[in-house]
2 protein chains.
Amino acid sequence: MGYKMNIKVRFLDISNEPTALINPKDSVKIGGKDNDRVRIDGKRSTTALLNVSDFVNPGEAILSADMKDKLGASDGDELNVVYASSPESVRSIRKKMDNEKLSKEEISGIVQDIVDNRLSRIEISAWLTALHINGMDIEEIAAFTVAMVDTGDRVEFDRSPVYDFHSLGGVPGNKITPIVVSIVAAAGLMLPKTSTRAISSACGTSDFVETFCEVEMDADTLKRISEKVGGVLAWGGAMNLAPVDDLVIKVEHPLGINPRAQMLASILSKKLAIGATHLVVDIPTGSGTKVPTIEVAKAYARDFMDLGEKLNIHIECAITYADQPVGSAIGPKLEARECIRILEGDKHPASVVEKACDIAGMILEMGGIINGGDKARELLASGAAMTKFREIVEAQKGNYDLKSSDLVPGEFVAEITSVKSGYVHSISNKDLVSIAKAAGAPSDKGAGILLHKKKGQREEKGEALFDIYSDNKAKLDRAKELAATYKPYDIEGMLLKRIAAPRTR
Amino acid sequence: MGYKMNIKVRFLDISNEPTALINPKDSVKIGGKDNDRVRIDGKRSTTALLNVSDFVNPGEAILSADMKDKLGASDGDELNVVYASSPESVRSIRKKMDNEKLSKEEISGIVQDIVDNRLSRIEISAWLTALHINGMDIEEIAAFTVAMVDTGDRVEFDRSPVYDFHSLGGVPGNKITPIVVSIVAAAGLMLPKTSTRAISSACGTSDFVETFCEVEMDADTLKRISEKVGGVLAWGGAMNLAPVDDLVIKVEHPLGINPRAQMLASILSKKLAIGATHLVVDIPTGSGTKVPTIEVAKAYARDFMDLGEKLNIHIECAITYADQPVGSAIGPKLEARECIRILEGDKHPASVVEKACDIAGMILEMGGIINGGDKARELLASGAAMTKFREIVEAQKGNYDLKSSDLVPGEFVAEITSVKSGYVHSISNKDLVSIAKAAGAPSDKGAGILLHKKKGQREEKGEALFDIYSDNKAKLDRAKELAATYKPYDIEGMLLKRIAAPRTR
């Protein structure tokens, strides 16, 4: 369409997608408007979004810093700029908008263009919205999963089978990962666990594991530790496994959506990339989580198992209780302490012990061990899991002699008490997460919440419901304010509602 | 959620949406990630998208230039920055994603937030995608229209009724506007016509009208000229009528969508804002236009009339032929010349004369004039329309004695000839538009295409099919290349396909 022109470039880190700032006079010459694409030819060629701006002089362009390597160019170079049409994958996005089924090639085209930064946020947003509304069938999701794996690295183990588990998340305090991995590895099976940091939650698994050992490692290190020790507690983000996710999350987050197809493909692609042959999926179910009811949970379980068949992974699902936090602690150091106490032999909080042993038991049974749950409890009680945990921590450059008491939460503490007596009728996960985040979690490691009461327990007026911990006085105050506003505990008498019998005349 | 911090600001025109570049260290403190929102408190407060960037130092922020006035701040000011949650309207967008009907309040919330730059491109893209897929019912579209009007200015005329017409567009060479306006005004009715510049076409009405008079005027000037002369040929973009459109188009354009609800509301809001009481909508129908078939055209006509009833505008629709360009000329000066020739008395091209007189006739009949089409042809033939046209041109600071020969197209011309003999079987509107744009239209006023043959006409090998005009040699060459690649004319023998009768044994 447009006109090719020579332009003097300068690189600045000014945008989170490839962008070319060009003077209005030049944009008319090029024949492009805001959000159109231009191709720029350096040693190599790349495309960028056009941003018409008076900030640059005619004949000059400011390019976002990420384009420097792509072009093989330097500040002051004169490069050719020309109007570029949208990538082919925009047509595939249009097809999904019109509720058509996409082919394997169309799906991998979209994934590849997202990874290569050829699709803008506008287009990725349209893609996710179309996925949210029109969805994908199991065949498309399987192709989507494979496309995600293909755009990243893979880990190839010399040991087989490879066990794995994944929790859909959404429930705070879900600190079972180190316990499950330690039990399974203690039983002689290999579980190379990669976890995430919090996206919108108060504490992801990697956020608390990194309080006692290193979680950032490359794929070779993950392989070496897993094969030697049987387990690992890595942060998946440091490896280039299905990297499309990070780009997609940036757009999902402001929209507050996580389309089913995207979620399923994203989880399974990471498992495929790590070579998992057996997978347990934990589906926390309850109000305020991604999965509000048992019916929805069953539908997800069905999806996972159908996909497992197509992708050749043996998958089993666990629907778990998530109407309130798992255990008592929320926040990095608090969760790490509670988790290690259980490995040390503490029987409390029972909800953490039970959930970890049940999940570990399912994995053990996949590995041919009968009565997996009993075996898991045995390995925990005997200290075998703790020994395995120490080996993992040491392999990840932590202290072999680590004790739960080494983990000291934030020095600023506020006790939140009940304004009335009664029974704990409900606890809002969402509100507790907001309060913990206001206190500084997950970036402030000492920040978080310690619950003193769980659902169904009796509470007297003035007694503590929970403590807020923070590393910072101002954040503690803000968290206290939120606690007063949100009132995450609902305290009622045992008699919730009185239904009178119909009067007889 | 996050932490309030004091930050030193600097303003740069670096983004086409309100953006705050903040150092990674500070973004952790604030508790925000890329594409999250922050509120910034200057003399006034405003929100911006967070862009985590090493380009700024800790303790500093670079804000997009558009925020300077909004904040009432200057370079070097220390302002408060705090994490801000998404505006309420994001919830309404989510509702439309889930195919729920939106209330009047929800719709106006979305429109207001787009106008105020509170919704990002990611969110506007999700909104348009949801509209494209799930649509709106007539009641929602009426509310959408009113919301668009309410976020802009209105023109209040002292004369009534106010006649108007609008073409859905998509057909090149549609230069009827000055002829229609001149005929209607010559009949004593008032038609204050606002037009647009090209978005993706080769020449919008304002693009060619501005070759012979000024089209940029404020609402007061539009009112004064319309009331005095009876007609005006203004560019709507200079007035603040339903300004949300400009922001939405920037996102629609890369996606290549124009959701029905958005299109209807956008057209009618501009007509409501100008106080139209009677409206004729021209629906060009044919392959390569927005409206491919008569069935689709009828559905649009029904929508327009239903909306007219709800919004209290009397609407009639004309379904017009658009399988090939209207008339022979495409491009600013070429179209202006062809248009003025007809006002001067030329009977050709007949397609332009017929279409202009038919549309003008419908408007005259709405105004109570019987046999409107005949009356329109009379006013054109008698020179009354030309006199009225001269008055309009003069009122818009053009030359009263304007002649068609004053308009001289580009000096660089290429004749495109046929490679075979036969009949013109089809002409691709889309390809001609691409070629005209490559030649420089609409920004280069002399650029464009002049057709020598239309559909059904006989063509000998080596005869001219069309000429390309350009103000610039390099662009002409590029347009010639495109013409060779696209081959916009399809020449066949009269016998297109021979169907053999079934053989009898």
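The values are calculated or read from the model by the stated rules, or taken from the named source; none is laboratory data. Since we're looking at a predicted model, the values are computed, not measured. Please note: Cβ atoms are built from the backbone with ideal geometry, for glycine as well, and neighbour counts cover all protein chains shown.
Some points to look at:
- Only a single criterion out of (1) in contact with a Ser or Thr (Cβ under 9 Å, 6 or more places away or on another chain); (2) free of Cβ contacts under 8 Å to residues at least 24 places away in the same chain; (3) of a type outside the set (A, V, I, L, M); (4) more than 14 Å from every other protein chain (Cβ to nearest Cβ) is not satisfied by A:S92, namely (4).
- Restricting the stretch B:199-220 to residues that are modelled with pLDDT under 95 and hydroxyl-bearing (S, T, Y), the residue that is surrounded by the fewest Cβ atoms within 10 Å (Cβ to Cβ): B:S200
- Search result, residues across the stretch B:374-411 that are within 26 Å of the chain's Cα centre (by Cα), in a loop (DSSP other than H, G, I, E, B), under 27 Å from B:R224 (Cα atoms) and of a type in the set (G, A, S): B:G398
- Selection from the stretch B:425-442 of residues that are at pLDDT below 90 and not in a helix (DSSP H, G or I): B:H425, B:S426
- Any hit, the stretch B:25-37, residues being assigned to a loop (DSSP other than H, G, I, E, B), under 29 Å from A:S470 (Cβ atoms), within 12 Å of another protein chain (Cβ to nearest Cβ) and without any contact (Cβ under 8 Å) to a residue 24 or more places away in the chain: yes
- A:I114 vs. criteria touching a residue at least 24 places away in the same chain (Cβ under 8 Å) and within 30 Å of A:M67 (Cα to Cα): yes
- Looking only at the stretch B:178-198, residues that are surrounded by 24 or more Cβ atoms within 10 Å (Cβ to Cβ), under 14 Å from the mean Cα position of the chain (by Cα) and not charged (D, E, K, R) come to 1 in all.
- Number of positions in the stretch B:81-94 that are modelled with pLDDT of 90 or more and under 20 Å from B:V28 (Cβ atoms): 1
- Residue ID - farthest from the other protein chains (Cβ to nearest Cβ), chosen from residues in the stretch B:48-76 that are under 15 Å from B:M5 (Cα atoms) and not in a strand (DSSP E or B): B:G59
- Top-ranked residue in the stretch A:120-139 [being small (G, A, S), within 7 Å of chain B (Cβ to nearest Cβ) and touching a residue at least 40 places away in the same chain (Cβ under 8 Å); ranked as nearest to B:E123 (Cα to Cα)]: A:S125
Table: residues versus (1) among the hydroxyl-bearing types (S, T, Y); (2) in contact with a helix residue (DSSP H, G or I) (Cβ under 6 Å, 6 or more places away or on another chain); (3) in contact (Cβ under 8 Å) with a residue 12 or more places away in the chain.
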| site | (1), (2), (3) |
| --- | --- |
| B:V181 | no, no, yes |
| B:K193 | no, yes, yes |
| B:F208 | no, yes, yes |
| B:T211 | yes, yes, yes |
| B:V215 | no, yes, yes |
| B:A219 | no, no, yes |
| B:V248 | no, no, yes |
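- Number of positions in the stretch B:442-463 that are more than 10 Å from every other protein chain (Cβ to nearest Cβ), closer than 11 Å to A:G31 by Cα and out of contact with any Pro (no Cβ under 6 Å at 6 or more places or on another chain): 0
- Among the residues making up the stretch A:1-24, those that are away from chain B (no Cβ under 11 Å) and either in contact with a Pro (Cβ under 9 Å, 6 or more places away or on another chain) or assigned to a strand (DSSP E or B) (or both) are A:N6, A:I7, A:K8, A:V9, A:R10, A:A20, A:I22.
- Residue that is farthest from B:I30 (Cα to Cα), among those in the stretch A:424-435 that are touching a Leu at 6+ places or on another chain (Cβ under 9 Å) and buried (at least 16 other Cβ atoms within 10 Å of the Cβ): A:V424
- For the stretch B:100-133, a tally of residues being part of a loop (DSSP other than H, G, I, E, B) and modelled with pLDDT of 95 or more returns 4.
- The one condition in (1) within 14 Å of chain A (Cβ to nearest Cβ); (2) buried (at least 21 other Cβ atoms within 10 Å of the Cβ); (3) in contact with a Gly (Cβ under 7 Å, 6 or more places away or on another chain) that B:L241 fails to fulfil: (1)
- Residue match in the stretch B:134-151 (condition: charged (D, E, K, R) and crowded, with 24+ Cβ neighbours inside 10 Å): no
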